[in-house]
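In what follows, a structure is listed as structure tokens, so that the remarks can point back to it.
The values are calculated or read from the model by the stated rules, or taken from the named source; none is laboratory data. What you are looking at is a predicted structure, and each value in this text was computed from that prediction instead of being measured. When we count neighbours, we look across all protein chains shown, and the Cβ atoms used for this are built from the backbone with ideal geometry, even at glycine.
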Ligand code: S3P
């Protein structure tokens, strides 16, 4: 029997539903949900796009590194990461020690339609966002590929959360 890690991390590209699925998953497991983007924005006192604009991406990535270390010292959390957080090998290593990690996936077109609905993605603030999504997905393929993949296409978030619960139960056997 595998040792229970007592935290679950949801990672994956922007617009794959990490926070929405995380909310259902946290309810299923009786864990608390932490959304790293939300926490960083709270602590920085400004939204993510302003952190990127005024302080630069490197400062945002420092916030993420700090949270990777801090959150994994806690237990019973579902952590919905920003899409770039576990692209960092160091963050991935730290979080893997203390959490089961799942990577949510979706097609570039689905991602585009989802992020267009919610906006506020500085990395996709370009005249050709679909091309940029494809480029970033290709750049991040190996990094995301380190984790268990969960397809989100045409699935309701509740169903995805249940699928993850099942995968967790299986890994504990
Ligand atoms: C980013 C994803 C965003 C946010 C920031 C950078 C990325 O989070 O952290 O804009 O590098 O993929 P979401 O995945 O929640 O959109």
Q: Could you run through region 54-104 and say how many residues are free of Cβ contacts under 8 Å to residues at least 12 places away in the same chain and either touching a helix residue (DSSP H, G or I) at 6+ places or on another chain (Cβ under 6 Å) or part of a loop (DSSP other than H, G, I, E, B) (or both)?
A: 1
Q | Every residue from region 9-31 that is more than 10 Å from the ligand (Cβ to nearest atom), in contact with a helix residue (DSSP H, G or I) (Cβ under 6 Å, 6 or more places away or on another chain) and not in a strand (DSSP E or B) | A | 20, 21, 24, 25, 28
Q) Of the residues 139, 172, which is at negative phi, loosely packed, with under 13 Cβ neighbours inside 10 Å and in contact with a helix residue (DSSP H, G or I) (Cβ under 9 Å, 6 or more places away or on another chain)? A) 139
Q | Index of the failed condition, residue 69 passing every other in (1) within 14 Å of the ligand (Cβ to nearest atom); (2) surrounded by fewer than 19 Cβ atoms within 10 Å (Cβ to Cβ); (3) under 27 Å from residue 43 (Cα atoms); (4) at pLDDT 95 or above | A | (1)
Q: Considering each residue of region 88-117, count those that are under 16 Å from the mean Cα position of the chain (by Cα) and modelled with pLDDT under 95, and give that number.
A: 2
Q: With respect to residue 112, determine if the residue is in a helix (DSSP H, G or I) and either touching a residue at least 40 places away in the same chain (Cβ under 8 Å) or touching a strand residue (DSSP E or B) at 6+ places or on another chain (Cβ under 8 Å) (or both).
A: yes
Q. Going by the structure shown, is residue 6 at pLDDT below 95, away from the ligand (no atom under 11 Å from the Cβ) and out of contact with any strand residue (DSSP E or B) (no Cβ under 6 Å at 6 or more places or on another chain)?
A. yes
Q. In this structure, is residue 76 touching a strand residue (DSSP E or B) at 6+ places or on another chain (Cβ under 7 Å) and at positive phi?
A. yes
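Does region 137-153 contain at least one residue that is modelled with pLDDT under 95, farther than 20 Å from residue 37 by Cβ and in a loop (DSSP other than H, G, I, E, B)?
yes
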Q) Considering only region 115-128, how many residues are more than 9 Å from the ligand (Cβ to nearest atom) and either part of a loop (DSSP other than H, G, I, E, B) or surrounded by 17 or more Cβ atoms within 10 Å (Cβ to Cβ) (or both)? A) 5
